[in-house]
Amino acid sequence: MKSLIVSAFSIGMLCFSTLIGSCNTLYGNNSTLLVNTDSTKGFAVVELFTSEGCSSCPPADELLARLEKESQGKPLYLLAFHVDYWDHQGWRDSFSQHIFSERQQQYASWLHLSNIYTPQMVINGGSEFVGSDVGGVTQAINKAFTQETPDNFSLQTKMVAQQMEVTWQLSSPQKNTRLLLALVQKNGQSHVRAGENAGRKLSHVQIVQSLTTVDIRKTTTALLPVPADFNTQNWELIGFVQKESNGQIIAATRADLQHFSTNK
């Protein structure tokens, strides 16, 4: 665990001191990061592994927020996974879950990395960047938009016995793939009182609160617990299909919650 934290700190500081300076020159705060795209072509699933206990993470959180602001109408699916291996340093990130640390470790295996670190962004399961590398991340997203997507994929939801029933359609399910359903809180804030970010008020977007894995070839329905504060304005459901062999994400969509009702 100690080696992971050292790696996180050293790589994160490298990002802050070298990458951000050059990337901000290329992508100023007033510039547009994402290209206009034909939504019938590609998509980008962006997974940020972050922690409130990491002093190098706020710039990556801010980049995710910039991407979120530009994502309207684009096939961009943003997921912030708060890992728990920084929690021992005096501040427990209330959004952190151990399963998110395990997911990041799985990416280390898929991507042949020697360790895990924060902040890290993974694009479509196939490429990874320091999470505050504006240039690398946005170039990877824009490239993903140009890739043809062969599968038609959709999600539908309804309330059943105080749970969200999710059904889906996928035009051509493949062997050795799995469906992941991420229930996402669109924004949140914390006043950090200890650790590397002590005294800071941190804002977050696209916070993953639950991640459910489904064998897409065995069923077309799943039941998800609905948080007590769930509402269709501040939450969303993102689904994506991932290869078990190498982590490549081959399809993604979000549910239309416009007609979803939380009435008991």
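The values are calculated or read from the model by the stated rules, or taken from the named source; none is laboratory data. These figures come from a predicted structure and were not determined experimentally. Don't worry about glycine lacking a Cβ; one is built from the backbone with ideal geometry, like all the others, and counts go over all protein chains shown. Side chains are part of the model used for accessible areas, which takes the heavy atoms of the whole protein and leaves out ligands, DNA and RNA. Shrake-Rupley method; radii C 1.70, N 1.55, O 1.52, S 1.80 Å.
Here the accessible area of the chain is 48 percent carbon and sulfur, with a 1.4 angstrom probe and all protein chains present. For the chain, adding -39500 (n - 2.57) for each run of n ≥ 4 DSSP H residues and dividing by the number of residues yields -7000 deg cm²/dmol at 222 nm. With N counted as the residues of the stretch 129-264, its alpha-carbon radius of gyration over 2.2 N^0.38 Å works out to 1.22. Applying 0.36 nm per residue to the separation of GLN89 and GLU165 and subtracting their alpha-carbon distance, the gain on full extension is 23.5 nm. For the chain, the share of alpha carbon pairs falling in successive 5 Å distance bins from zero is 1, 6, 13, 17, 19, 18, 14, 8, 4, 1, 0 percent. Within the shell of other residues whose beta carbon sits under 14 angstrom from the beta carbon of PRO150, the net charge comes to 0, with Lys and Arg scored +1 and Asp and Glu -1.
My understanding is that a pair violates if its Cα-Cα distance is over 21 Å; which of LYS41/LYS143; LYS175/LYS218; LYS41/LYS186; LYS41/LYS74 do that in this structure? Pairs exceeding 21 Å: LYS41/LYS186. For GLN120, the amide hydrogen comes within under 5 Å of the amide hydrogens of PHE49, GLY131, counting only partners 5 or more places away or on other chains and with H modelled in the peptide plane. Shown here for the stretch 111-217: GluC sites (Glu not before Pro) in loop regions (DSSP other than H, G, I, E, B) with at most 13 other Cβ atoms within 10 Å, namely GLU148. Using C-alpha pairs under 8 Å with a sequence gap of at least 6, the mean separation divided by the residue count of the stretch 115-163 gives a relative contact order of 23 percent. Summary value for the chain: 22 percent relative contact order, contacts being C-alpha pairs under 8 angstrom separated by 6+ residues.
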